[in-house]
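The values are calculated or read from the model by the stated rules, or taken from the named source; none is laboratory data. What you see is a predicted model, and the numbers here were worked out from it, not measured in a lab. Here Cβ is always computed from backbone atoms with ideal geometry, including for glycine, and neighbour counts include all displayed protein chains. Remember, those area values only see protein heavy atoms, side chains included, never the ligands or the DNA or RNA. Shrake-Rupley method; radii C 1.70, N 1.55, O 1.52, S 1.80 Å.
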Amino acid sequence: GESVGLHLPTLSVQEGDNSIINCAYSNSASDYFIWYKQESGKGPQFIIDIRSNMDKRQGQRVTVLLNKTVKHLSLQIAATQPGDSAVYFCADSTSGGGADGLTFGKGTHLIIQP
Amino acid sequence: DTGVSQDPRHKITKRGQNVTFRCDPISEHNRLYWYRQTLGQGPEFLTYFQNEAQLEKSRLLSDRFSAERPKGSFSTLEIQRTEQGDSAMYLCASSLPDRGNTIYFGEGSWLTVV
């Protein structure tokens, strides 16, 4: 299915503040969701993932929330740091990322202001 | 470095030439994926292998694109008769075979067709 990134192309936050990046997906059959961080000139770096049988998952300074009713995914980053500046992509899959691959949104560029 | 390794990192070629990219997945990852990413967009799924079997290739962009994984370890992506529209970053990724296992990306191979 197609994943539509419901997002602000650019999100600017103050260092130390919390960031919330949003994403919408369109395929109700998607059962696996994942966030990647991509710095300029580099490949996507795994941040956190969540399966459809969960609605929240926490990692180190990051939390992913899944609302299947409205097909919405968000990534919360606590106490943002300069190193968090990057483009953030959400992606979804109906096969756990396998046979149909991951369908990526267009990404949100997170800018951390000093 | 035990991550996904791609080579070359950058390739400039003349239109009409053939190019080949190599990917070495994370050890013991028997799933391997190829994606393409153009500027300002998220990665786009192309194909995937489980061991040496190419289980999905319908998303390859044209018959000029082909991928192999002959021994179930490294993989190659070949583009024949390159066109300027092929200029992009070609990403390789790998994962363990179970559903929902995290997909890890390499740093990508940049292709510029002049």
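Counting only strands (runs of 3 or more DSSP E) that sit wholly inside segment A:32-100, those with at least 2 residues that are open to solvent by less than 60 Å² (accessible area, probe 1.4 Å) and within 11 Å of chain B (Cβ to nearest Cβ) are A:32-38, A:45-51, A:86-93. Every condition in (1) within 14 Å of another protein chain (Cβ to nearest Cβ); (2) of a type outside the set (Phe, Trp, Tyr); (3) under 27 Å from A:Asp31 (Cβ atoms) is met by B:Glu28 except one, and the failing one is (1). Just one of (1) at pLDDT 95 or above; (2) touching a Phe, Trp or Tyr at 6+ places or on another chain (Cβ under 9 Å); (3) buried (at least 18 other Cβ atoms within 10 Å of the Cβ) fails for B:Glu107. It is (2). Within segment B:13-54, being within 26 Å of A:Ala86 (Cβ to Cβ) and open to solvent by 80 Å² or more (accessible area, probe 1.4 Å) holds for one residue alone: B:Leu39. Residues that are closer than 15 Å to B:Thr102 by Cα, in a strand (DSSP E or B) and within 11 Å of chain B (Cβ to nearest Cβ): does segment A:16-30 have at least one? Within segment A:16-30 (the criterion being closer than 15 Å to B:Thr102 by Cα, in a strand (DSSP E or B) and within 11 Å of chain B (Cβ to nearest Cβ)), the answer is no, since none of the residues qualifies. Against the conditions (1) open to solvent by 10 Å² or more (accessible area, probe 1.4 Å); (2) out of contact with any Gly (no Cβ under 8 Å at 6 or more places or on another chain); (3) among the acidic types (Asp, Glu), B:Asp86 satisfies every one except (1).
Checking the stated criteria, A:Asn22 turns out to be in contact with a Leu (Cβ under 8 Å, 6 or more places away or on another chain), open to solvent by 20 Å² or more (accessible area, probe 1.4 Å) and modelled with pLDDT under 95.
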